[in-house]
Amino acid sequence: MIIRQKNKKMSSLNFPLFKTKIEGLDKRFDITSPSGRAEYFEAKAGPEIKKLKGYLQENSFIAYLLGKKNSGKGTYAKMLAEIVGNDKIVHLSVGDMIRDLDEVAADPEKKKDLVAFLEKNYRGYLHLDEIMEALEGRSTKVLLPSELILALVKKKISLMPKKAIFIDGFPRSMDQVSYSLFFRDLMGYRDDPDVFVMIDVPEAVIDERIKYRLICPLCKTSRNLKLLATTKPGYDKETERFYLNCDNPECTGARMGTKEGDELGIGPIKERLKNDEDLMRKAMTLYGVPKIFLRNSVPVDKAEEFLDSYEITPEYTYELQADDSIKVGEKPWQVIDDEGVASYSLMPPAVVVSLIKQLVEALGIK
C-alpha cells in the first residue's frame with residue numbers, strides 16, 4: 001500500500017511511503033537467508049508474485065533503473081530475479097558492460113567481432129576508428145557517446161531473447177532517455193512495455209555504505225562493518241579498531257579491508273549524486289511511461305505503522321570483553337534523511353515487496 005502524507009514533504013524527491021506491514025501477520029521472518037526470504041515474500045506479496053510469474057511465461061518488459069550511485073539498483077533487480085526466476089529476469093549493468101570493453105579491445109578476435117557488429121549497428125557522429133582507438137586507451141572518466149552505448153546495449157540484449165531486462169546505468173542523461181525509449185523497436189521488443197524504476201535513498205545512507213564498506217582481498221566478498229557484519233569480527237590492539245574476517249565458506253577467512261578513498265564517503269561523488277537526482281526529477285515529468293517509486297527510508301515516527309521491525313536495517317556495534325572475545329550488538333540503524341527527518345533505512349526485501357506490487361500495477365497484470 002502506498003500512502004502519501006499530506007502537507008509534508010518526506011524526502012527530497014517526495015516519494016510516497018509504502019506500507020509492507022500486514023495486520024495480523026506476526027511471524028518474524030529471517031530475510032537474510034534465501035529460504036527465509038522465500039517465506040517472507042510469499043506472505044507479503046504471494047498473489048502478486050503469482051501474477052508476475054504468469055505474465056513472464058508469455059511476456060517480458062524493459063525496466064530502466066534510475067537512482068543515485070550506490071542506491072541498491074543491482075541488489076533489488078537481482079533479488080526480484082531470485083523470487084520469480086533467473087530464467088525470466090536479467091540485470092544488465094551498463095557500467096560492467098563498458099568496463100568489459102577493456103578486455104574486448106585487448107583481444108584481437110573479440111575486437112574483430114565488436115567492430116563487425118558496430119559497422120552494422122552503430123549510428124553516430126564519431127568515426128568508428130576513433131571509437132576503437134578511444135576504447136583501447138580509454139580513461140574511465142571519458143563519457144562514451146550515447147549512440148555507442150545504445151549499440152552496445154543492443155548487442156547485449158540480442159543475447160537475451162524475451163527476458164525481462166532491468167537496465168542499470170542507462171539512461172544517464174535526458175538525451176539518453178529519449179533514445180532508450182525507442183531503441184528496443186530495433187530489437188524486436190516493440191510489444192514490450194517500458195517502466196521507469198526510481199529509487200530514493202538518503203545521502204546519509206549512501207555515505208555510510210561507502211565509509212564502512214569492506215572487501216575480502218581473496219574472494220572479493222563485500223561486507224560492511226556497521227551494516228552487514230560477518231560472523232567473524234576481530235579487534236586490532238595496535239590501531240584499537242574492530243575489523244571483520246571473511247566468512248564466505250568458500251574462502252579461507254582473510255581479514256577484510258577497505259578500498260582506497262572509501263573513508264571519504266560521498267565526498268568525491270557529490271556532483272554525480274546531484275546529477276543522478278536531477279535525472280530522476282526530469283524523468284518523473286516524462287509522459288507515457290509507467291513509473292515505480294522505491295523508497296529506502298521511513299521516518300522513525302512512522303516505522304511502527306508501516307513496517308515490521310525485522311525489515312529495518314540493523315546497525316552492528318562491537319564491544320571487547322575481558323577475555324578478548326567480542327560482543328556484537330544490534331539495533332535499528334537510524335539516519336537523518338535529506339529533509340532532516342530522523343529515519344530508518346530498510347532491508348532490501350522490504351523495498352522489493354514494494355517493487356513487486358508496483359510492477360504488477362504498472363504492467364496492468366490482472
Dipole axis of the chain (+1 Lys, Arg; -1 Asp, Glu on Cβ), positive-most option in PRO233, MET284, LEU80 | MET284
Cut-off 13 Å between beta-carbons: net charge of the residues surrounding TRP333, Lys and Arg +1, Asp and Glu -1 = -3
For the stretch 29-362, calculate the relative contact order in percent as a whole number, restricting contacts to Cα pairs under 8 Å that are 6 or more residues apart.
-> 22
Just for the chain, what percent of DSSP beta bridges are antiparallel, to the closest 5?
-> 55
Given unit charges at Cβ for Lys, Arg (+) and Asp, Glu (-), the dipole magnitude of the stretch 29-362 about its Cα centre in debye, nearest 20, is 800
Looking only at aspartates and glutamates whose Cα falls under 13 Å of LYS220's and that sit 8 or more positions away or on another chain, we get ASP247, GLU250
Once the dipole of the stretch 29-362 is set up with Lys and Arg at +1 and Asp and Glu at -1 on Cβ about the Cα centre, which of TRP333, GLY95, PHE117 lies farthest towards its positive end?
-> PHE117
Surrounding charge for THR20, neighbours by C-beta under 10 angstrom, Lys/Arg +1, Asp/Glu -1, total +2
Would you compute the Debye intensity of the stretch 2-133 from its alpha-carbon atoms alone, equal scatterers and no solvent, and pass along log10 I(q)/I(0) at q = 0.17, 0.20, 0.21 Å⁻¹ to two decimals?
-> -1.13, -1.31, -1.36
GLU42-GLN321 pseudo-label distance in nm [points 7 Å out on the Cα-to-Cβ vector] = 3.7
Rg/Rh for the chain, where both radii come from Cα atoms and Rh is the Kirkwood radius | 0.98
For the peptides 257-265, 273-281, what is the packing order when you average, over each peptide's residues, the other Cβ atoms within 10 Å and list the highest mean first?
-> 273-281, 257-265
Kindly provide the helix-only [θ] at 222 nm of the chain, computed as the sum of -39,500 (n - 2.57) over DSSP H runs of four or more divided by all residues, to the nearest 500 deg cm²/dmol?
-> -11500 deg cm²/dmol
GNM result for the chain, Cα springs below 10 Å: residue of VAL289, VAL201, VAL353 fluctuating most strongly | VAL289
When the dipole is taken about the Cα centre of the stretch 12-163, and only Lys, Arg (+1) and Asp, Glu (-1) are charged at their Cβ, what size is it in debye, to the nearest 20?
-> 660
Where the centre of each part is set by its Cα atoms, how far does the stretch 246-305 sit from the stretch 78-120, in angstrom?
-> 23
Among TYR64, TYR344, TYR125, whose mean-square fluctuation peaks in a Gaussian network model of the chain (Cα, cutoff 10 Å)?
-> TYR125
Taking the Cβ of ARG255 as the center, what net charge do the other residues with Cβ under 11 Å away carry, scoring Lys and Arg +1 and Asp and Glu -1?
-> 0
Exposure proxy check: VAL90, VAL351, VAL115 ranked by fewest other beta carbons within 10 Å?
-> VAL115, VAL90, VAL351
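Quick note: the coordinates plus some simple rules give every number you see, no bench work behind them. Note that the structure is predicted; figures quoted are calculated from it, not measured. Cβ coordinates were reconstructed from backbone atoms using ideal geometry, including for glycine residues, and neighbour counts include every protein chain displayed.
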